[in-house]
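Engineer: Sharing a structure with you now.
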Amino acid sequence: MEFTARQTVIVAVLVLFLGRLLTKRIGVLKEYNIPEPVSGGIIVSLLLTLLYLLFDYSISFSLGQRDALLIIFFTTIGLNSKFSTLLEGGKTLVLLLVLAIIYLFLQNLTGIGVTLVTELPTVVGLLGGSVSLSGGHGTAIAWSPIFKEQYGIENAIEIGIACATFGLVLGGLIGGPIAKYLINKNNLSSSIPDPITVGIADEAKQKIDVDSVLTLLLVLSFAIGLGLYLHELLAYLGVKLPLFVPCLFGGILLTNSIPLLFKKVSWPSNTPTLALVSDLSLSLFLSMSLMSLQLWTLVDLAAPILLLLLAQLVLTVLFTVFVVFKLLGSDYDAAVISSGYAGLALGATPTAIANMTAVTKKFGASPKAFIVIPLIGAFFIDIANAVIIQSMLGWLT
């Protein structure tokens, strides 16, 4: 059975309500800042898996609107991004990029190490490393044919998707606990308690009117349009990037030019309306992503995949807490970035953003984190990862 676009949206909203209910009823979810779409989405995907295993009945969803939500979300992030904040995050951005590149090597070496104690071919260690984890589903799908055709890994795509899927879930589960541990242990707090960058801390106290919504709709449309033109230009120049990246830059360009040129123009940056749209688009995107996971396709690979993921999970936690947090300054921003980086290293950029959103809703804003992590995850890591994967494949053969 395949749900239509309308039905998929209905289920996604219900998943969010389920996640919210679980957070209210299960203290550990609230205590450790587990994002509501993650908890609700995991439950639904598990129920759908049970339905398939018991009755051989599968449900799929129409996910075209999910990609649009991702574009809207990152455009809102761009609209909140002042160049002054970018300059403040410049040193952090460079340092985290260096650490992330080092971690790509460590992630692959860990995957290779696990294959040495199992019957998996050595090159599968890369599939269970930066290909599927730091790279995510897109990178895993893109590289799988190479592993199959050149290295004889017939089930390369299943292995890649399995690791990317469980990595996405684990990345969404550990980010909040890591941030809570670091913040409480070091007695940290935000220096910018209001306004927050993404999400709304207390919806009841916010004022959102028709004019603010219409203004945001107009600005979002222009920013996304600019992003589309940038995407076409980059494609013409031979630079291939996910569409949401130029849309992010479109938002950044507009928010750092229009308010300066037209000082009387009402601009939506740092408004509750923008925060609401950011939160809504991200939550629905994650709900659709997690509820649509077909976990039953991973059963045959369970044992080696679980061992591989356990090793990667331990490595991520240790590297994030003892390397990333320490070298980024051991302050509040470093703690929020650490929660995002954990989600990025195991899952994907939206997972990282969801982690940081849950943390900042509870502890306060961190504008620097919401600039550094998306730029690392959406642009720099993909380029570095491609080079490293190709290089390490050459070393192994």
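Engineer: What's the ranking of 336-345, 222-231 by average number of surrounding C-beta atoms within 10 Å, highest first?
Structural biologist: Sorting 336-345, 222-231 by mean packing, highest first, produces 336-345, 222-231.
Engineer: Here's another thing I want to ask about it. Using label points projected 7 Å from each Cα along Cα→Cβ, tell me how many nm separate Leu109 and Phe17, to one decimal.
Structural biologist: Rounded to a tenth, the inter-label distance reads 5.1 nm.
Engineer: Could you please rank Ser130, Ser62, Ser191, placing first whichever residue has the fewest other Cβ atoms within 10 Å of its Cβ? List each step's numbers first, then the result.
Structural biologist: Numbers: Ser130 28, Ser62 16, Ser191 11.
Exposure proxy ranking, most exposed first: Ser191, Ser62, Ser130.
Engineer: Taking the Cα centre of the range 5-396 as the origin and placing charges on Cβ (Lys, Arg +1; Asp, Glu -1), which of Thr215, Gly113, Leu18 is farthest toward the positive end of the dipole?
Structural biologist: With unit charges placed on the Cβ atoms, the residue in question is Thr215.
Engineer: Show me the ranking of peptides 3-16, 276-289, 116-129, 166-179 by mean Cβ neighbours inside 10 Å, starting with the highest.
Structural biologist: My ranking of the peptides, most packed first, is 166-179, 276-289, 116-129, 3-16.
Engineer: Points 7 angstrom from Cα along the Cβ direction at Gln150 and Lys326: gap in nanometres?
Structural biologist: Taking the two extended label points, one gets 3.7 nm.
Engineer: Between 0 and 90 degrees, rounded to the nearest ten: what's the tilt of helix 5-25 against the longest Cα principal axis of the chain?
Structural biologist: Tilt relative to the chain: about 90 degrees.
Engineer: Here's another thing I want to ask about it. Taking θ as phi - 60°, what are the ³J(HN,Hα) couplings along the range 254-266 by the Karplus curve (6.51, -1.76, 1.60), each to the nearest whole Hz, with x for Gly and Pro?
Structural biologist: Whole-Hz 3J(HN,Hα) from phi for the range 254-266: 5, 6, 9, 10, 4, x, 6, 7, 10, 5, 8, 6, 6.
Engineer: Turning to a different aspect of this structure: Sort Ser269, Ser330, Ser45 by Cβ crowding within 10 Å, fewest neighbours at the top.
Structural biologist: On the way: Ser269 18, Ser330 15, Ser45 21.
By the 10 Å Cβ count, ascending: Ser330, Ser269, Ser45.
Engineer: Here is a further query. Would you mind counting up the charge near Leu284? Only other residues with Cβ under 12 Å from its Cβ, with Lys and Arg at +1 and Asp and Glu at -1.
Structural biologist: On the way: positive: Arg66; negative: Glu36, Asp67, Asp279.
With Lys, Arg at +1 and Asp, Glu at -1, the neighbours total -2.
Engineer: What is the distance in Å between the Cα centroid of the range 212-278 and that of the range 38-58?
Structural biologist: A separation of 37 Å, based on Cα centres.
Engineer: On to the next question. Multiply the residue separation of Leu46 and Phe262 by 0.36 nm, subtract the distance between their alpha-carbon atoms, and state the gained length in nm to one decimal.
Structural biologist: Fully extending the segment from Leu46 to Phe262 adds 72.6 nm.
Engineer: Express in nm, to one decimal, how much length is gained between Ile59 and Lys207 on full extension, taking 0.36 nm for each residue of separation and deducting their alpha carbon distance.
Structural biologist: Details: separation 148, 0.36 × 148 = 53.28 nm, distance 3.95 nm.
Full-extension gain reported as 49.3 nm.
Engineer: Quick one: work out Rg over Rh on the C-alpha atoms of the range 107-188, Rh as Kirkwood radius.
Structural biologist: Looking at the range 107-188, the ratio lands at 1.13.
Engineer: With the dipole of the range 5-396 worked out from charges on the C-beta (+1 for Lys and Arg, -1 for Asp and Glu) around the Cα centre, which of Tyr341, Leu313, Ala275 lies farthest toward the positive end?
Structural biologist: Ala275
Engineer: Helix 349-363 versus the longest principal axis of the chain: what angle, 0 to 90°, nearest 10, using Cα atoms?
Structural biologist: 50
Engineer: Now for a different question. Applying the Karplus parametrisation 6.51 cos²θ - 1.76 cosθ + 1.60 with θ = phi - 60° to the phi angles of the range 309-315, what ³J(HN,Hα) value in whole Hz is obtained for each residue in order, glycine and proline being reported as x?
Structural biologist: Values per residue, Gly and Pro as x: 5, 4, 4, 5, 4, 4, 4 Hz.
Engineer: If the only charges are +1 at each Lys and Arg Cβ and -1 at each Asp and Glu Cβ, what is the size of the charge dipole of the range 5-396 around the Cα centre, to the nearest 20 debye?
Structural biologist: The calculated dipole for the range 5-396 is roughly 920 debye.
Engineer: Let me test this: with uniform point scatterers at the alpha carbons of the range 239-345, what is the Debye-based log₁₀ I(q)/I(0) at q = 0.11, 0.13, 0.16, 0.24 1/Å?
Structural biologist: -0.65, -0.87, -1.12, -1.19
Engineer: Kindly state, as a whole number, the per residue volume in cubic angstrom of the convex hull around the alpha carbon atoms of the chain. Walk me through the numbers before you get to the answer.
Structural biologist: Details: hull volume 59.0 nm³, N = 397.
Here the figure is 149 Å³ per residue.
Engineer: Quick one: angle between helix 64-79 and the longest Cα principal axis of the chain, in degrees between 0 and 90, rounded to 10, please.
Structural biologist: Between the helix axis and the principal axis of the chain, the angle is about 50 degrees.
Each reported figure results from applying straightforward, stated rules to the coordinates on display, with no laboratory input. Treat the numbers as computed from the prediction; the structure is a model and nothing was measured. Positions of Cβ are generated from backbone atoms using ideal geometry, with glycine treated the same way; all protein chains shown enter the neighbour counts.
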